[in-house]
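> Mind looking over this structure? Questions follow.
The values are calculated or read from the model by the stated rules, or taken from the named source; none is laboratory data. Here the structure is a predicted model, which is why all the values come from computation and not from measurement. Ideal geometry is used to build each Cβ from the backbone, glycine not excepted, and the neighbour counts take in all protein chains shown. For accessibility, only protein heavy atoms count, side chains too; no ligands or nucleic acids. Shrake-Rupley method; radii C 1.70, N 1.55, O 1.52, S 1.80 Å.
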Amino acid sequence: MSTPSPNALNTISAPAPEALAELKAALGPNGWTDDAFTMAPLLTEWRGRWTGNTPILLTPGSTEEVARAVAVCAKHGVAITPHGGGTGLVGGQIPFGEVLLSTRRLKAVRDVTPLDDAMTVEAGVTLLEAQQQAAAAGRFFPLSLAAEGTATIGGVISTNAGGTAVLRYGVMRDLVLGVEAVMPNGEIFHGLKRLRKDNTGYDLKQLLIGAEGTLGVVTAATLKLFPIMRSRAVAIVGLESAAASVELLARAKGETGGGVEAFELMKRLGTELVLKNIPDTREPLESQPAWTVLIELISGAPNGAEEAMERLLTVAFEEGLITDAAIAQNDTQRAAFWRLREEHSAALKPEGGGWKHDVSVPISRIADFIDEASAAVERFHPGARVSVFGHVGDGNLHYDILPGVGEDIPAFIGRWKEGSKVVHDIVAQYDGSISAEHGLGRLKTEEARGYKTPLEIATMQAIRKAIDPQRIMNPSVFF
Ligand SMILES: Cc1cc2nc3c(=O)[nH]c(=O)nc-3n(C[C@H](O)[C@H](O)[C@H](O)COP(=O)(O)OP(=O)(O)OC[C@H]3O[C@@H](n4cnc5c(N)ncnc54)[C@H](O)[C@@H]3O)c2cc1C
């Protein structure tokens, strides 16, 4: 018997020797390893929160090989954890006894068809590689997040990832035209359509998106592409309050008629940690405002974005809505501004950890939520420091709580579950979500039971049972 997962909902049995032998024969010598050194990097989560174990790492090189491997697992009732880039933040990619199936060899770009504004890539292609392929064809693939050099298309589909351009282009669910996947019985779902319209009943592709590997292995996807915009403008803006950022967002949308691509809020504490812990970063605004937003505007017209940014910020400054601003003058400055935002997660790491939350609330209630949650945290753990950053345009905040200066870190971390409940209960009062974009994984599955209705849980369980009656796909994730 192998080690059960921390959130195990069922017990993971070690695969029988004949199952392992069949898997090895099905994939050949290039398609598997059980070498501890090779497997180790895939068994530890990015932040070191979990280190799992597996009897074997499968590395199939084609959809057919994935299908063969899953069929063997189905025949023997062997549990499988799919693994993409390993950047997931809720631990769903870490096996605790399951066979680990990596998509790292599924790297083909199958086609790019600019006239369809579509591109079909295999699951192991990284998000950055997909963006580059689109750009090479004169198109734009908009999903963007700090881990894009490592996160894979299979992973961003399976977690329905969000990132920084959701405001204009939507989450991954909105960016996928078709999916190919191996279902839990080993059959291949050939769903790589390029259609914009297809009203022919339940949409299996959408079930697989955000399923966190519980309904099958995504092997390829057809992605929606967009025109490359003629102009882009990036600014860092200082504000006195989070409420002012919500007002500024509304104005930016009005000024550009939908040309706001990103609108990222940062509280001063997070910016200070980036400046302290990340090399080669610089104070963006000398006034060191309590809050900053990074705004990226786009336009189809040459200079349209720059002109809209100037107008927006000039009026907002005159009216006292913003206190300071700097517009990037070149690509280097643009990248430097973005780095300040994208390094927020990494900058928390050297601080020794904290209680991290990925929540969403209605945009109009963001400021009230921050005030109410911060007051509740202060009552629960006086002196704790709150870092808030995230995607204001999506109502999605990364609401992280750090120990007070000089506090005992392990003792603070030990209060994480109770502290998170304080925050998540307020999220629920605001009709929000306790996982806006990272998913449930091992981290939040049990907690989510307290925030989903019995109807929602029962329906999810029924769908899963219909598709995976043996519950072999990522059994410790979801209900
Ligand atoms: C620095 C940093 C910044 C991040 N920023 C964001 C952000 O802004 N927005 C956001 O949404 N996320 C963000 N994330 C989280 C992470 O990048 C996403 O969850 C990403 O989608 C995971 O992709 P991956 O390939 O690494 O998947 P993995 O971590 O390998 O897997 C994630 C989950 O998907 C399943 N899975 C993976 N591949 C497949 C497949 N082919 N078929 C079926 N199931 C599969 C796994 O079993 C697991 O449950 C960030 C992570 C880091 C480290």
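> In this structure, is Val217 over 30 Å from Glu372 (Cβ atoms) and in contact with a Lys or Arg (Cβ under 7 Å, 6 or more places away or on another chain)? Spell out how you get there, then give the answer.
Working: over 30 Å from Glu372 (Cβ atoms): yes; in contact with a Lys or Arg (Cβ under 7 Å, 6 or more places away or on another chain): no.
Taking the combined requirement at face value, the residue does not satisfy it.
> With the condition kept exactly as written, say whether any residue in the range 200-210 is out of contact with any Pro (no Cβ under 6 Å at 6 or more places or on another chain), farther than 23 Å from Val66 by Cα, away from the ligand (no atom under 13 Å from the Cβ) and open to solvent by less than 70 Å² (accessible area, probe 1.4 Å).
Checked against the condition, which is being out of contact with any Pro (no Cβ under 6 Å at 6 or more places or on another chain), farther than 23 Å from Val66 by Cα, away from the ligand (no atom under 13 Å from the Cβ) and open to solvent by less than 70 Å² (accessible area, probe 1.4 Å), the range 200-210 yields at least one hit.
> A further question follows. With the condition kept exactly as written, say whether any residue in the range 426-436 is more than 25 Å from Gly92 (Cβ to Cβ), open to solvent by 60 Å² or more (accessible area, probe 1.4 Å) and either outside any loop (DSSP other than H, G, I, E, B) or touching a Cys at 6+ places or on another chain (Cβ under 6 Å) (or both).
Yes, the conditions are met somewhere in the range 426-436.
> In addition: If you scan the range 366-403, which residues turn out to be more than 13 Å from Ser245 (Cα to Cα), of a type outside the set (A, V, I, L, M) and open to solvent by 10 Å² or more (accessible area, probe 1.4 Å)?
If the condition is that a residue be more than 13 Å from Ser245 (Cα to Cα), of a type outside the set (A, V, I, L, M) and open to solvent by 10 Å² or more (accessible area, probe 1.4 Å), then Asp371, Glu372, Ser374, Glu378, Arg379, Phe380, His381, Pro382, Gly383, Arg385, His398 are the ones that fit.
> Let me confirm something: among Thr150, Thr81, Thr164, Thr87, which residue is within 8 Å of the ligand (Cβ to nearest atom), out of contact with any Lys or Arg (no Cβ under 7 Å at 6 or more places or on another chain), over 23 Å from Phe478 (Cα atoms) and modelled with pLDDT of 95 or more?
None of the other options fit; the residue is Thr150.
> Further, regarding this structure: Among what's in the range 309-325 and is of a type in the set (D, E, K, R) and not in a loop (DSSP other than H, G, I, E, B), pick the residue that is farthest from Gly257 (Cα to Cα).
Keep residues of the range 309-325 that are of a type in the set (D, E, K, R), which gives 310-311, 318-319, 324.
From what is left, the residues that are not in a loop (DSSP other than H, G, I, E, B) are 310-311, 318, 324.
Numbers: Glu310: 15, Arg311: 13, Glu318: 22, Asp324: 24 Å.
By that ranking, first place goes to Asp324.
> Return yes when Ser62 is away from the ligand (no atom under 13 Å from the Cβ), open to solvent by 20 Å² or more (accessible area, probe 1.4 Å) and at pLDDT below 95 and no when it is not. Reasoning before the result, please.
Numbers: away from the ligand (no atom under 13 Å from the Cβ): yes; open to solvent by 20 Å² or more (accessible area, probe 1.4 Å): yes; at pLDDT below 95: no.
No; evaluated as a whole, the condition is false for this residue.
> Where residues in the range 138-147 are open to solvent by 30 Å² or more (accessible area, probe 1.4 Å) and not aliphatic (A, V, I, L, M), which of them is farthest from the ligand (Cβ to nearest atom)? Working first, answer last.
Filtering the range 138-147 for residues open to solvent by 30 Å² or more (accessible area, probe 1.4 Å) gives 138-140, 145-147.
From the residues that got through so far, the ones that are not aliphatic (A, V, I, L, M) too are 138-140.
Details: Gly138: 26, Arg139: 21, Phe140: 18 Å.
Within the range 138-147, the match that is farthest from the ligand (Cβ to nearest atom) is Gly138.
> Output the number of residues of the range 211-248 satisfying the condition of being away from the ligand (no atom under 16 Å from the Cβ), touching a strand residue (DSSP E or B) at 6+ places or on another chain (Cβ under 7 Å) and small (Gly, Ala, Ser).
7
> If I ask for residues that are in contact with a helix residue (DSSP H, G or I) (Cβ under 8 Å, 6 or more places away or on another chain) and surrounded by fewer than 15 Cβ atoms within 10 Å (Cβ to Cβ), which ones from the range 291-319 would you list?
Answer for the range 291-319, where residues must be in contact with a helix residue (DSSP H, G or I) (Cβ under 8 Å, 6 or more places away or on another chain) and surrounded by fewer than 15 Cβ atoms within 10 Å (Cβ to Cβ): Arg311, Val315.
> Okay, next question. Which numbered condition in (1) among the aliphatic types (A, V, I, L, M); (2) modelled with pLDDT of 95 or more; (3) within 14 Å of the ligand (Cβ to nearest atom) is the only one that Ala135 fails?
(3)
> Can you name the number of the only condition in (1) loosely packed, with under 13 Cβ neighbours inside 10 Å; (2) under 23 Å from Met183 (Cα atoms) that Glu418 fails?
(2)
> Name the residue that is most open to solvent (accessible area, probe 1.4 Å), counting only residues in the range 459-478 that are under 14 Å from Asn185 (Cα atoms) and of a type in the set (Val, Ile, Thr).
Among residues in the range 459-478 that are under 14 Å from Asn185 (Cα atoms) and of a type in the set (Val, Ile, Thr), the one most open to solvent (accessible area, probe 1.4 Å) is Ile467.
> Determine, yes or no, whether Arg110 is surrounded by fewer than 19 Cβ atoms within 10 Å (Cβ to Cβ), touching a residue at least 40 places away in the same chain (Cβ under 8 Å) and more than 8 Å from the ligand (Cβ to nearest atom).
yes
> Now a separate question. Checking Ser158 against (1) under 30 Å from Gly395 (Cα atoms); (2) more than 8 Å from the ligand (Cβ to nearest atom): exactly one of these is not met. Which one?
(2)
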